[in-house]
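Just so it is clear, none of the values below were taken in a lab; they were calculated from the coordinates. Worth saying up front: this structure is predicted, and the values here are computed from it rather than measured. All Cβ positions, even for glycine, are placed from backbone atoms using ideal geometry, and neighbour counts span all protein chains on display.
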């Protein structure tokens, strides 16, 4: 995978100074290229056993969009002339990285989806929404980019994802793409029709190899496969076909990640060399057996880490019954209209029967146990939210995704490390930790997420590449569009 460098040649950092009334006079932010942030509880994202979960009364220095010094206040030497920002009483954590986005198709204001909506401007709007919520980078999957039709022609979808991934847009998350993906005809992306024909439709080994050869031309972060019969309603990629895809991809040094369901396919895909899973690899009533867990342990001991995005966010969000607390969260209503919240989630939840709620709870518990077994065997849990489809709130889903991780058995610090350090490492971004040399992407919180993971929603400020994200301006723009949302 391509790794993002430190962004050192881009815009210099100008911070906003917040001083208590009794503080001594210091150089104002905007007049210095070096800023020290002091007093916060700092969750570095390291997660190592020898490292404390948080540094109390911390200090960290940002220079030229990167962290340069990190430690406890008074224990680091602050450069002369640095601007000072007092974060006493706040908690700081690294910005998150989302490895499973379906951005660009949705017109958030209108509540619609279409290929026509997939423009540079709309994709950047989605990346700004991600940044607003403390997400510093996103990997898009099933993206709308021109591809071979496997019969000598090309689709005419343009190159928006390829152009945007080369940009560093102030106030927006960085973007990388996994390209269109590969699936049996009609069994790839589901949901809205605008997405269902985006993946390469392959039904033979020859088509599979051609699809990989065409995909690698765009330098994807990984190649996404769909291996799912959709509860027996569709054909799906057969083992010989997905083995050919994995073989061709690995020959081109491109990883493969997959959406699959069954135990048999999880084993076959692991043998084929797949390294990532979008959703729990074994679900819908099946569970990992001793053979699969042994295979995972053997593979995890190698050089290529195995990873999964559990994808249990929607199921967790249904756990709270007909009116879960998150429906009233200010962070959600800051970026989505009351009508959309009501139509997309509140009304459907209110109509669910007690048995339906119980079924979802059992499904979440079962799939969560599977995920924890596979995690213990060596598959690394990372953040991937499926965000971008109409009900899958852009940005907000990262926070409920953290809560789903904790609900399935991870600790708050483990969930944060999964969504920051580990996600950034898998995707190849120079972020995910508050550490010297990393991009200065961090979230300032009004409450401690180590006490309750839901406190990641208590966002005070967000900084990406050392610059504060203009959240108030963004919020005003989006709320001004609320009248355009359809019911």
Averaging over all projection directions, find the projected area of the Cα convex hull of segment 348-426 and quote it in nm² with one decimal place.
6.0 nm²
Take the eigenvalues of the Cα gyration tensor for segment 96-427, scale each by 5, and report the square roots as semi-axes in whole Å, largest first.
28, 25, 19
Report the normalised scattering of segment 342-484 as log10 I(q)/I(0) at q = 0.20, 0.21 Å⁻¹, calculated by the Debye formula with identical scatterers on the alpha carbons.
-1.43, -1.48
Could you calculate the contour length gain from residue 252 to residue 342, that is, 0.36 nm times the residue separation minus the distance between their Cα atoms, to one decimal place in nm?
27.7 nm
Rough spin-label spacing in nm, given labels placed 7 Å along Cα→Cβ, for residue 264 and residue 231:
2.0 nm
Between 0 and 90 degrees, rounded to the nearest ten: what's the tilt of helix 239-251 against the longest Cα principal axis of the chain?
50 degrees
Over all directions, the average projected area of the alpha-carbon convex hull for segment 394-468 comes to how many nm²?
5.2 nm²
Helix axis angle, 396-407 relative to the chain longest principal axis, alpha carbon, degrees:
80 degrees
Between residue 361 and residue 115, what length comes free when the chain is fully extended (0.36 nm per residue of separation minus the Cα-Cα distance, one decimal in nm)?
85.1 nm
Between the helical axis of 263-272 and the dominant principal axis of the chain, each derived from Cα atoms, what acute angle in degrees is found, rounded to the nearest 10?
80 degrees
Across 5 Å bins from 0, what is the distribution of all Cα-Cα pair distances for segment 168-228, in whole percents?
4, 18, 24, 22, 15, 9, 5, 3, 1
Quick one: work out the % antiparallel among DSSP beta bridges in segment 96-427, nearest 5.
10 percent
Mean separation of Cα contacts under 8 Å, 6 or more apart, over the residue count of segment 96-427: relative contact order %
19 percent
Taking 0.36 nm per residue of separation between residue 353 and residue 477 and subtracting their Cα-Cα distance, the length gained on full extension comes to 40.9 nm
Tell me the mean residue ellipticity at 222 nm calculated for the chain from its helices only (DSSP H runs of n ≥ 4, each -39500 (n - 2.57), averaged over every residue, nearest 500).
-8000 deg cm²/dmol
Residues of segment 231-273 with amide N under 15 Å of the 7 Å Cα→Cβ point at residue 203:
234-238, 241
log10 I(q)/I(0), Debye, Cα-only segment 221-302, no solvent, q = 0.13, 0.18, 0.21, 0.22 Å⁻¹?
-0.38, -0.73, -0.99, -1.08
Given R₀ = 60 Å, FRET efficiency for residue 196-residue 77 by Cβ-Cβ distance, to 0.05?
0.55
